1. What's the total number of residues in segment 31-75 that are touching a Lys or Arg at 6+ places or on another chain (Cβ under 9 Å), among the small types (G, A, S) and over 19 Å from N5 (Cβ atoms)?
2. Could you list all residues from segment 1-46 that are assigned to a loop (DSSP other than H, G, I, E, B), over 20 Å from N113 (Cβ atoms) and among the charged types (D, E, K, R)?
3. Since C57 meets every condition but one in (1) of a type outside the set (V, I, T); (2) over 23 Å from Q138 (Cβ atoms); (3) at pLDDT 90 or above, which condition does it not meet?
4. Residues that are surrounded by fewer than 18 Cβ atoms within 10 Å (Cβ to Cβ): which strands (runs of 3 or more DSSP E) entirely in segment 64-140 hold 2 or more of them?
Amino acid sequence: MSIINIIKSSPLFYELFDKEVDAIIENCNVMSLEEGQKVFAENDEGDEIFIILTGACSVQKSGLNLVNLGKGDLFGEMVLLDERRRTADVVASTYTDILVLSYGNIFNLYKKNPRVFSILILNLSRLLAKRLKDTSEQIKGLRKLEKIAS
């Protein structure tokens, strides 16, 4: 799968035309990390969101691995909801290339192209709702295990 196809397959860009995605990413940068390097640390301030192009990362909190991320996964999206402090560490698990999208690039669409901006925010809402649902299911599973163990 090509890099551009990885980007365009991100849930953030669902329902957007190729030319609209191209316009969003044309001013983005790519960050390359070696295994063990941090993308960011908990409590860091930031205004970027990230899409993994190659490689993998892990989300860690207090030394615990919370989730593994791979090619095409989006993270750091809470910055779009005005949460500027990072809530966990994100560390490269292998050599990793990451597309870096700035808050400004996305919010400039509010005036330039309100339709695209609205779709991005809707997609972000869907992504966060799915993550919340998945987390709720994990908590239910842990509670069942806890009842069995006690």
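1. Residues in segment 31-75 being touching a Lys or Arg at 6+ places or on another chain (Cβ under 9 Å), among the small types (G, A, S) and over 19 Å from N5 (Cβ atoms): 2 in total.
2. E34, E35, E42, D44, listed by residue number.
3. (2) is the only condition that C57 fails.
4. 64-69, 96-102
The values are calculated or read from the model by the stated rules, or taken from the named source; none is laboratory data. Note that the structure is a prediction, hence the values are computed from the model and not measured. FYI the Cβ positions are ideal-geometry reconstructions off the backbone, even for glycines, and counts take in every protein chain you see.
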